Amino acid sequence: MIYRGTTDEYLAIAEIKGQNLSGLLEPVRNALMVLWFTENDNSLEIDGSRFCFQKNEIICLTEFHQVNKVEIKGARLIKFNRAFYCIYNHDSEVGCKGLLFFGAQRIPQFKLPNEELDVFTTVFHMFKLEIDRKDLLQLEMLQMMLKRFLILCARVYKAMNKLDQPAADIDLVREYNYLIEQHFMEKHLVSDYAEMLHRSPKTLSNQFRKMNLKSPLQYIKDRRMLEARRRLLRKGTSIQEVAYELGFEDVQSFSRFFKGVESCSPSEFIKQQGTN
């Protein structure tokens, strides 16, 4: 089921399995998606890595994630574009920027607790009912349902990752993640982001340590590494081009960086993935 508005708004709600991947792989500009798995043993290749997801696990993806080799036994999909609901402009409402989406490195993933299943199921069912209605309030109602679903996801994600620190501390980490997502191609030092956040690099490091998180520098490295994998998977893109695009001085320094994380050279990675 797909809603298309008069000013490019897009929302897809679907239950998918097997070869029925309605909306999942459809390219939609500025799209974000939530996948809620309803069966066990689902497999997706995301950015060149294989992942297996079980029943009642949820993942959040952006248009920049490269999804291939999909084997879904059962899942619920919510996919929307920026015109439908912009998480940047409405961050004060849902608080998912830099948390559920654009988190700088790993795929946001969490398991629904049993006590939350009825609530999530009800909201998704209401989504399906509302998308069939055709009246002047439909867009507003669908946006309200999406906002509620994202708030529920953010709550569970914070609880599962023990992000029970003061809101200001969590917001600092979210904003740091989001700034990396915007600037990682040209800014590679913690001091670059500290300045934008009006903090000192030492303050950031101390804050991340207090929250038992990786160092601020590791977040930058992880995001550059993720982008390196994505770009190496593109057909027709050379290693030299990827090194230059990611801001490395030469191919040798990029190769050392890549091998230090992936335990193989960029050329070996490409060969393993069977691309280019």
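The values are calculated or read from the model by the stated rules, or taken from the named source; none is laboratory data. Remember, predicted model here, so these are calculated numbers, not experimental data. So basically every Cβ, Gly included, is an ideal-geometry build from the backbone, and we count neighbours across all protein chains shown.
Just checking, does the stretch 222-231 include any residue being closer than 15 Å to D47 by Cα and surrounded by fewer than 14 Cβ atoms within 10 Å (Cβ to Cβ)? Scanning the stretch 222-231, I find no residue that is closer than 15 Å to D47 by Cα and surrounded by fewer than 14 Cβ atoms within 10 Å (Cβ to Cβ), so the answer is no.
Do we find a residue being in contact with a His (Cβ under 6 Å, 6 or more places away or on another chain) and either buried (at least 17 other Cβ atoms within 10 Å of the Cβ) or among the acidic types (D, E) (or both) anywhere in the stretch 8-31? For the stretch 8-31, residues in contact with a His (Cβ under 6 Å, 6 or more places away or on another chain) and either buried (at least 17 other Cβ atoms within 10 Å of the Cβ) or among the acidic types (D, E) (or both): absent.
Residues of the stretch 183-201 include at least one that is under 16 Å from the mean Cα position of the chain (by Cα) and either modelled with pLDDT under 85 or closer than 30 Å to I270 by Cβ (or both). Within the option set I59, I87, I78, being buried (at least 17 other Cβ atoms within 10 Å of the Cβ), assigned to a loop (DSSP other than H, G, I, E, B) and within 18 Å of the chain's Cα centre (by Cα) holds for one residue only, I87.
Output yes when any residue across the stretch 79-92 is hydroxyl-bearing (S, T, Y) and out of contact with any strand residue (DSSP E or B) (no Cβ under 7 Å at 6 or more places or on another chain), and no when none is.
Start the filter on the stretch 79-92 by keeping residues that are hydroxyl-bearing (S, T, Y), which leaves 85, 88, 92.
Filter once more, so that each one left must be out of contact with any strand residue (DSSP E or B) (no Cβ under 7 Å at 6 or more places or on another chain): 85, 92.
The answer is yes; a qualifying residue exists.
Close Cβ contacts (under 8 Å, 6 or more residues apart or on different chains) running from residues in the stretch 201-230 that are within 16 Å of P166 (Cα to Cα) to residues that are among the β-branched types (V, I, T) and buried (at least 16 other Cβ atoms within 10 Å of the Cβ) comprise L204/V190; Q207/V173; F208/V173; M211/V173; L213/V173.
Grab the strands (runs of 3 or more DSSP E) fully contained in the stretch 1-42, keeping just those with 3 or more residues being more than 18 Å from the chain's Cα centre (by Cα). Walk me through how you get there before you give the answer.
Working: elements: 2-4, 10-16, 31-37.
Here the list reads 2-4, 10-16.
If you go through the stretch 38-56 and keep only what is closer than 15 Å to I16 by Cα and surrounded by fewer than 22 Cβ atoms within 10 Å (Cβ to Cβ), you end up with T38, E39, N40, D41, S43, Q54, K55, N56.
Under the condition of being touching a residue at least 60 places away in the same chain (Cβ under 8 Å) and on the phi > 0 side of the Ramachandran plot, the residues counted in the stretch 57-99 number 2.
For the stretch 45-56, a tally of residues being assigned to a loop (DSSP other than H, G, I, E, B) and in contact (Cβ under 8 Å) with a residue 60 or more places away in the chain returns 3.
Step by step: first the residues of the stretch 1-37, then only those that are of a type in the set (S, T, N, Q) and in contact with a strand residue (DSSP E or B) (Cβ under 6 Å, 6 or more places away or on another chain), then the one that is farthest from L117 (Cα to Cα). Which residue is that?
That would be N30.
Do we have R234 as among the basic types (K, R) and outside the structural domain of G95 (by TED's automatic domain parsing) here?
Yes, satisfied.
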